[in-house]
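In what follows, a single structure is set out as structure tokens and then discussed.
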Amino acid sequence: MDWGMKNRLSSIMGSDGKCMFMPIDHGYFLGPTNNLEKPGETIKPIIEYCDALFVTRGVLRAAINPDDSKPIILRVSGGTSVVGGDLANEGLTTSIKDAVRLNVSGVGLSVFIGSDYERQTLLNLGKLVDECEEYGIPVMAVTAVGKELEKRDARYLALCCRIAAEIGAKVVKTYWCEEFEKVTEGCPVPIVIAGGPKFDTELPVFEFVHDGMTKGAIGLNLGRNIWQHKHPVAMAKALHAIIHKGANPQEANDIFNDTKNG
């Protein structure tokens, strides 16, 4: 791994090698998602708790202050919408030259293993890795499953993560599941935990994030359970404590309540 690649990877990790990524890329297929209508305003009170933003180039240029930003992981895949067809039918939407122009620390795309578009999205990953290696830019593969939530078991997610690593991803974003250690132990590159659906209460979020960290994940890539929460700062601070301070779920819940109550 060359110096540029190592430097970019280190820029999106905390000094402890752990990471809390803030995804605000949901609009690329959902449009103006609730609480993300104005992404620049949404992240202002919570950006201090994240190590990097996961965002599209359009929102990056239009809404993120270049003079006061965290490192950027650029979403570079898309091509379908929530109303326009199969979400797995993605292609590459951004050139490596534009990623370089935007001075990003990494790029990310989705792969849909087990879908009709498995081969297409895996070839997208291979092509992106080839191009990014030339410029020393790490690729994060997102093991997306669309609406097929029943696939989120350890055997399936371990398969997804290992394939993404084999093709050349430097980081893999995947869902938490029972027996999560089977996923992390079979993947030779770091894994970050995806947020998944929005939860109605806080403690289950703290529990699955803490469990994933104790079983080998290096961090978190979670958005809706923070910025769609009515107390986003409290959620961000509590999750940051799990990732970077080793807080357990009850300690995180106490931090949440203390912050929420002022």
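General remarks:
- Matching residues, segment 156-201, being among the small types (Gly, Ala, Ser) and under 28 Å from Asn257 (Cα atoms): Ala194, Gly195, Gly196
- Taking the numbered list (1) surrounded by 21 or more Cβ atoms within 10 Å (Cβ to Cβ); (2) in contact (Cβ under 8 Å) with a residue 60 or more places away in the chain in turn, Val172 passes all entries but (2).
Yes or no, residue by residue, for (1) more than 21 Å from Ala52 (Cβ to Cβ); (2) over 20 Å from the mean Cα position of the chain (by Cα); (3) of a type in the set (Lys, Arg):
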site	(1), (2), (3)
Phe180	yes, no, no
Ala194	no, no, no
Ala236	no, no, no
Ile242	no, no, no
Asn253	yes, yes, no
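- Scanning segment 214-224 for residues that are in contact (Cβ under 8 Å) with a residue 12 or more places away in the chain and surrounded by fewer than 22 Cβ atoms within 10 Å (Cβ to Cβ) turns up Lys215, Gly216, Ile218, Arg224.
- Hits in segment 160-184 (condition: more than 24 Å from His229 (Cβ to Cβ) and outside any helix (DSSP H, G or I)): Gly168, Ala169, Lys170, Val171, Val172, Glu178, Glu179
- Those residues of segment 14-45 which are within 20 Å of Ala241 (Cβ to Cβ) and surrounded by fewer than 20 Cβ atoms within 10 Å (Cβ to Cβ), in sequence order: Gly14, Ser15, Asp16, Gly17, Pro45
- Any hit, segment 182-192, residues being under 16 Å from Phe208 (Cβ atoms), in contact with a Phe, Trp or Tyr (Cβ under 7 Å, 6 or more places away or on another chain) and at pLDDT 95 or above: yes
- Within segment 248-262, the only residue that satisfies the criterion of being within 26 Å of Leu157 (Cα to Cα) and buried (at least 16 other Cβ atoms within 10 Å of the Cβ) is Pro249.
- Counted residues, segment 101-117 - those being at pLDDT 95 or above and either among the acidic types (Asp, Glu) or loosely packed, with under 15 Cβ neighbours inside 10 Å (or both): 2
- Candidate set: segment 46-83, residues that are surrounded by 14 or more Cβ atoms within 10 Å (Cβ to Cβ) and among the basic types (Lys, Arg); chosen: the one farthest from Lys127 (Cα to Cα): Lys70
- Residue satisfying condition, being in contact (Cβ under 8 Å) with a residue 60 or more places away in the chain and more than 20 Å from Arg152 (Cβ to Cβ), within set Gly126, Gly106, Gly79: Gly106
- Residue match in segment 184-191 (condition: surrounded by 20 or more Cβ atoms within 10 Å (Cβ to Cβ) and aliphatic (A, V, I, L, M)): yes
The values are calculated or read from the model by the stated rules, or taken from the named source; none is laboratory data. If you're wondering where the values come from, they're calculated on a predicted model, not measured in any experiment. In this analysis, Cβ positions are derived from the backbone assuming ideal geometry, glycine residues included, and neighbour counts consider all displayed protein chains.
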